[in-house]
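Participant: Got a structure here, written out as structure tokens. Questions coming.
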Amino acid sequence: MIIGLVGKPNVGKSAFFRALTLAAAESGNFPFTTIDANSAIGYVKIKDPAQHFDKSSNPREGYVLGEYRFVPTEVIDVAGLVPGASEGKGLGNQFLNDLSQADALIHVIDLSGSTNEKGEPVDLNSYDPAEDIKFLEVELNQWYLNIIEKHWANIDKKIRMQDMKIEDALITVLSGLNIKERHIFQAISELKLDKTNISDNLKELASKLREISKPMVIAANKCDAILDNNLWEEKLNALKEQFPGYIIMPVIAEYEYNLKKAAEAEIISYIPGEKSFDIKDESKLNEAQINGLNKIKDTISLMPNGTGVQDCINSAMFDLLKMIAICPGGVKLEDKNGNTLPDCFLMPNGTTALDFAFRLHTDFGKNFVKAIDIKTGRMVGKDHPVNMGDIIEIKAGK
């Protein structure tokens, strides 16, 4: 799964990307700092399945901190978007092409209202961040509509003259947007479209396809700039009331980046997503550094989800995409090298034991005999649904 970071210039999108991945990304107080898409690995946070047996995993990919396991996923930070991108304004065409591969989006906005519609700095609270949510919907919807209309004559011919199913005709031109046939089927079902009315409802179809195929979390960034009198909370609640269909989270991306860098330097002990951390040795820090860390600690302790960065990617993966994390393993939990649960896979909710067997290896799926739920010790069949955090051993014949 690929998570795309979107938003207009200068809202802290690249800072969010750095905070999530610790990858180098240009940032600056001017539009279009990010020109080319940056791609790096971010991590979703789950309870370490090995904790069930009072052990700790040794991941081949990702890492473990305390009782949590961090599972890797790809994150892309694309060029900043401005109104008119679907018409090619700014870096619009490049942005939209980069975005097409994403399965879900995190839309980073400036909750402090200090960045205008062009991504230019303005006075604090002088710009309504709700406008950014609206404009991104408009641009993405228009992007989808442009592609559908460009190919509509051919699509319509296939539907009417060749008696092709609507979803089959549409997928021939929409697969490049990472739209699946199931997305199209869901959209036409919810809109009650058929051969007689679809051509009159292309705008509604484009909007619904965008909504389904590019689900979105809103990261309300720069909360630290409006802490006085809990203004961040007031503005966040106003957005939630205005956009009830979105998950909207308060975020301080710069704080998350600072904490991860401090943890990397072994200055603090910090688990991403937590609301506190410990300074390891204050004697190694100057007064300004100590005061800075204490300011961050005091602030994130008052926030509902710490800096908010970790919860954004977790929500994108688990709430929007409905993925679950599953580990292959036997009774001993260890591989031949003595590593405990070295692998962990993200798979769609509803995955069966047989699906998981095929994910591990085609031969395991073809020769599936049974599976064992290691946590419960139960033997299960191929249709058994696996759950978040399960440890599954696959038994296959020759």
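The values are calculated or read from the model by the stated rules, or taken from the named source; none is laboratory data. Computed from a predicted structure; not experimentally measured. Ideal geometry is used to build each Cβ from the backbone, glycine not excepted, and the neighbour counts take in all protein chains shown.
Participant: Looking only at region 120-132, which residues are buried (at least 19 other Cβ atoms within 10 Å of the Cβ) and not in a loop (DSSP other than H, G, I, E, B)?
Facilitator: ASP132
Participant: Could you check SER126 against (1) at pLDDT 90 or above; (2) closer than 24 Å to ILE313 by Cα and say which number it fails?
Facilitator: Of (1) at pLDDT 90 or above; (2) closer than 24 Å to ILE313 by Cα, only one is false for SER126: (2).
Participant: Just to be sure before I move on: is LEU193 out of contact with any helix residue (DSSP H, G or I) (no Cβ under 6 Å at 6 or more places or on another chain), surrounded by 23 or more Cβ atoms within 10 Å (Cβ to Cβ) and without any contact (Cβ under 8 Å) to a residue 60 or more places away in the chain in the structure I sent? Reasoning before the result, please.
Facilitator: Numbers: out of contact with any helix residue (DSSP H, G or I) (no Cβ under 6 Å at 6 or more places or on another chain): yes; surrounded by 23 or more Cβ atoms within 10 Å (Cβ to Cβ): no; without any contact (Cβ under 8 Å) to a residue 60 or more places away in the chain: yes.
Here the answer is no, as LEU193 does not meet what is asked.
Participant: Conditions first: (1) assigned to a helix (DSSP H, G or I); (2) outside the structural domain of ALA19 (by TED's automatic domain parsing); (3) of a type in the set (S, T, N, Q). THR299 passes all but one, so which condition is the exception?
Facilitator: All conditions pass for THR299, except number (2).
Participant: Oh, and also: Checking GLY365 against (1) among the small types (Gly, Ala, Ser); (2) outside the structural domain of LEU236 (by TED's automatic domain parsing); (3) in a loop (DSSP other than H, G, I, E, B): exactly one of these is not met. Which one?
Facilitator: In the conditions (1) among the small types (Gly, Ala, Ser); (2) outside the structural domain of LEU236 (by TED's automatic domain parsing); (3) in a loop (DSSP other than H, G, I, E, B), GLY365 misses (3) alone.
Participant: Still on this model: Being in a helix (DSSP H, G or I), in contact with a strand residue (DSSP E or B) (Cβ under 6 Å, 6 or more places away or on another chain) and hydrophobic (A, V, I, L, M, F, W, C) is the requirement here; does LEU236 meet it?
Facilitator: Numbers: in a helix (DSSP H, G or I): yes; in contact with a strand residue (DSSP E or B) (Cβ under 6 Å, 6 or more places away or on another chain): yes; hydrophobic (A, V, I, L, M, F, W, C): yes.
Spelling it out, LEU236 is indeed in a helix (DSSP H, G or I), in contact with a strand residue (DSSP E or B) (Cβ under 6 Å, 6 or more places away or on another chain) and hydrophobic (A, V, I, L, M, F, W, C).
Participant: Could I ask something else about it? Just to be sure before I move on: is ASP200 free of Cβ contacts under 8 Å to residues at least 60 places away in the same chain, acidic (Asp, Glu) and not assigned by TED's automatic domain parsing to the domain that holds VAL108 in the structure I sent?
Facilitator: Working: free of Cβ contacts under 8 Å to residues at least 60 places away in the same chain: yes; acidic (Asp, Glu): yes; not assigned by TED's automatic domain parsing to the domain that holds VAL108: yes.
For ASP200, the condition - free of Cβ contacts under 8 Å to residues at least 60 places away in the same chain, acidic (Asp, Glu) and not assigned by TED's automatic domain parsing to the domain that holds VAL108 - is met.
Participant: Here is a check on your reading of the model: is ILE226 over 27 Å from MET323 (Cα atoms), crowded, with 19+ Cβ neighbours inside 10 Å, of a type in the set (Val, Ile, Thr) and in the same structural domain as MET1 (by TED's automatic domain parsing)? It would help to see each step written out before you state the result.
Facilitator: Details: over 27 Å from MET323 (Cα atoms): yes; crowded, with 19+ Cβ neighbours inside 10 Å: yes; of a type in the set (Val, Ile, Thr): yes; in the same structural domain as MET1 (by TED's automatic domain parsing): yes.
Considered against the rule, which asks whether it is over 27 Å from MET323 (Cα atoms), crowded, with 19+ Cβ neighbours inside 10 Å, of a type in the set (Val, Ile, Thr) and in the same structural domain as MET1 (by TED's automatic domain parsing), ILE226 comes out as yes.
Participant: Please work out which one of (1) more than 20 Å from LEU205 (Cα to Cα); (2) assigned to a strand (DSSP E or B); (3) out of contact with any Pro (no Cβ under 6 Å at 6 or more places or on another chain) is the condition ILE109 fails and give its number.
Facilitator: Looking at each condition in turn, ILE109 falls short on (3).
Participant: For a quick check of your reading of the model, give me the residue pairs whose first member lies in region 158-175 and is in contact (Cβ under 8 Å) with a residue 12 or more places away in the chain, whose second is surrounded by fewer than 19 Cβ atoms within 10 Å (Cβ to Cβ) and outside any helix (DSSP H, G or I), with beta-carbon atoms closer than 6 Å and at least 6 apart or on different chains.
Facilitator: Partner pairs satisfying both residue conditions: LYS158/MET164; ILE159/LYS195; VAL173/HIS151.
This table checks each residue for (1) touching a residue at least 24 places away in the same chain (Cβ under 8 Å); (2) touching a Pro at 6+ places or on another chain (Cβ under 6 Å).
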{"position": "GLY330", "(1), (2)": "yes, no"}
{"position": "GLU334", "(1), (2)": "no, no"}
{"position": "MET347", "(1), (2)": "yes, no"}
{"position": "PHE356", "(1), (2)": "yes, no"}
{"position": "PHE368", "(1), (2)": "yes, no"}
{"position": "THR376", "(1), (2)": "no, no"}
{"position": "MET388", "(1), (2)": "yes, no"}
{"position": "ILE391", "(1), (2)": "yes, yes"}
{"position": "LYS395", "(1), (2)": "yes, no"}
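Participant: Related question: Please go through region 334-349 and pick out each residue that is part of a loop (DSSP other than H, G, I, E, B) and modelled with pLDDT of 95 or more. Don't jump to the end; show me each part of the working.
Facilitator: In the first step, residues of region 334-349 are kept if they are part of a loop (DSSP other than H, G, I, E, B); the result is 335-339, 341-344, 349.
Matches in region 334-349: ASN339, LEU341, PRO342, ASP343, CYS344, ASN349.
Participant: Which one of these does THR340 not meet: (1) touching a residue at least 40 places away in the same chain (Cβ under 8 Å); (2) surrounded by fewer than 16 Cβ atoms within 10 Å (Cβ to Cβ); (3) of a type in the set (Ser, Thr, Tyr)?
Facilitator: (2)
Participant: Please indicate, with yes or no, whether at least one residue in region 268-279 is outside any helix (DSSP H, G or I), in contact (Cβ under 8 Å) with a residue 40 or more places away in the chain and among the hydrophobic types (A, V, I, L, M, F, W, C). Write out each step before concluding.
Facilitator: Applying the first criterion (outside any helix (DSSP H, G or I)) to region 268-279 yields 268-279.
Among the residues that remain, those that are also in contact (Cβ under 8 Å) with a residue 40 or more places away in the chain are: 271-273.
Now restrict to residues that are among the hydrophobic types (A, V, I, L, M, F, W, C): 271.
There is at least one residue in region 268-279 that is outside any helix (DSSP H, G or I), in contact (Cβ under 8 Å) with a residue 40 or more places away in the chain and among the hydrophobic types (A, V, I, L, M, F, W, C).
Participant: From (1) assigned by TED's automatic domain parsing to the domain that holds LEU96; (2) within 23 Å of ASP319 (Cα to Cα), pick out the condition that doesn't hold for ILE179.
Facilitator: All conditions pass for ILE179, except number (1).
Participant: Here's a follow-up. If you go through region 206-233 one residue at a time, how many are assigned to a helix (DSSP H, G or I) and among the β-branched types (Val, Ile, Thr)?
Facilitator: So the first thing to find is which residues in region 206-233 are assigned to a helix (DSSP H, G or I), and the list is 206-213, 223-226, 228-233.
Those left that are additionally among the β-branched types (Val, Ile, Thr): 212, 226.
Selection size over region 206-233: 2.
Participant: Take the residues in region 257-276 that are over 12 Å from ALA19 (Cα atoms) and hydroxyl-bearing (Ser, Thr, Tyr); name whichever of them is surrounded by the fewest Cβ atoms within 10 Å (Cβ to Cβ).
Facilitator: Checking each candidate, the answer is SER276.
Participant: I'd like to verify a number: residues in region 304-323 that are more than 13 Å from the chain's Cα centre (by Cα) and either farther than 22 Å from VAL217 by Cα or crowded, with 21+ Cβ neighbours inside 10 Å (or both), how many? Spell out the reasoning first.
Facilitator: Our first condition is that a residue be more than 13 Å from the chain's Cα centre (by Cα); within region 304-323, this holds for 304-307.
Going one step further and asking which of them are either farther than 22 Å from VAL217 by Cα or crowded, with 21+ Cβ neighbours inside 10 Å (or both), we end up with 306-307.
Number of matching residues: 2.
Participant: If ALA253 satisfies all but one of (1) farther than 21 Å from ILE2 by Cα; (2) among the small types (Gly, Ala, Ser); (3) buried (at least 19 other Cβ atoms within 10 Å of the Cβ); (4) touching a residue at least 40 places away in the same chain (Cβ under 8 Å), what's the number of the condition it fails?
Facilitator: (1)
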